[in-house]
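To start, the structure itself, in structure tokens.
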Amino acid sequence: MPDISLTTVVVLCLAAFAAGWIDAVVGGGGLLLLPALLLGLPSSTPAAYALGTNKAVAIVGTSGAAVTYARKAPVDVRLAVRIGLAALAGSSAGAFFAAGMSTDVLKPVIMVVLLAVAAFVILRPAFGTAPATGPASRRRTLAAIGLAGLGIGFYDGLIGPGTGTFLVLALTAVLHLDLVTASATAKIVNCCTNAGALATFAWQGTVLWQLAALMAVFNLAGGTIGAHTALKKGSGFVRIVLLTVVFALVANLAYEQWLA
């Protein structure tokens, strides 16, 4: 483990807690956690270690949130796992193509899509507030596996930021879920994709396990509290957090595209 000051470790742990809370409510915790690791680790540390450590931390908080949701929210775990396996395949394909593609071309497109999504959510106050109408039809199930699984999984491997948020939006739109149930389902899907990515990073030896273990405790606490908060506050609260994260994601992509 690189030489890191106690103050930096404390800041990273607090960032892990906040990221776990955000990720559990609506996804997008990586927007906080990954930059914190990139800034907190010594400049001589290869970026791959920040990426690997980020996955080792995030999978713990995501798993904790998934368990909390599964106990108290009406989640179709079997469907979520099927979407997750498709997302795992999609992310692997995305990572393969990422090596030969400039993400600078895609980032403006993603920003436009996110702004369109924000406008849709603002103009449709009822979006994601109605409870699910029952088991998803075969057609909607296949659409969810294709869009939320393969499609967003591919995006996760290709670019990454905001994957959890995209999952919540896609699951709400395609499966007609309320935002709380969509967040719960997204956590199970995220567990699948994070497990695949972590296995790769671990095999490459780019995980700082001691730091990850400490941060994971805080991420787990944040994720568990975030899931309880979403379940208690309901879809209206999740909607507000969703819009906040979408605008934060647009700002982050814009900064990386034109200012960094």
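The values are calculated or read from the model by the stated rules, or taken from the named source; none is laboratory data. Because the structure is predicted, anything quoted here is derived from the model rather than measured. Every residue, glycine as well, gets a Cβ built from its backbone with ideal geometry; the counts of neighbours run over all protein chains shown. Protein only, heavy atoms only, side chains kept; ligands, DNA and RNA dropped before computing areas. Shrake-Rupley method; radii C 1.70, N 1.55, O 1.52, S 1.80 Å.
Below, the figures for the structure above:
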read-out: Residue list for the range 51-100, restricted to those being in a helix (DSSP H, G or I), hydrophobic (A, V, I, L, M, F, W, C) and modelled with pLDDT under 85; value: L51, A70, A93, A95, F96, F97, A98
read-out: Tally of residues being more than 15 Å from A170 (Cα to Cα) and either open to solvent by 60 Å² or more (accessible area, probe 1.4 Å) or at pLDDT 85 or above (or both) across the range 103-114; value: 4
read-out: Pairs, first over 17 Å from H228 (Cα atoms) and part of a helix (DSSP H, G or I) in the range 12-31, second open to solvent by 30 Å² or more (accessible area, probe 1.4 Å) and not hydrophobic (A, V, I, L, M, F, W, C), C-beta under 7 Å, six or more apart; value: G30/P161; L31/P161; L31/N252
read-out: Condition check for A213: farther than 22 Å from L88 by Cα, small (G, A, S) and open to solvent by 40 Å² or more (accessible area, probe 1.4 Å); value: yes
read-out: Selection status of G162, among the small types (G, A, S) and within 12 Å of the chain's Cα centre (by Cα); value: yes
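Okay, residues lined up against (1) out of contact with any Pro (no Cβ under 6 Å at 6 or more places or on another chain); (2) over 20 Å from I145 (Cβ atoms); (3) open to solvent by 30 Å² or more (accessible area, probe 1.4 Å):
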| residue | (1), (2), (3) |
| --- | --- |
| L177 | yes, no, no |
| S183 | yes, no, no |
| K187 | yes, no, no |
| F201 | yes, yes, yes |
| T206 | yes, yes, no |
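Residue by residue, here is whether (1) within 16 Å of V241 (Cα to Cα); (2) open to solvent by less than 70 Å² (accessible area, probe 1.4 Å) holds:
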site	(1), (2)
T7	no, no
V10	no, no
C13	no, yes
V25	yes, yes
L31	yes, yes
A36	no, yes
A47	no, yes
A50	no, yes
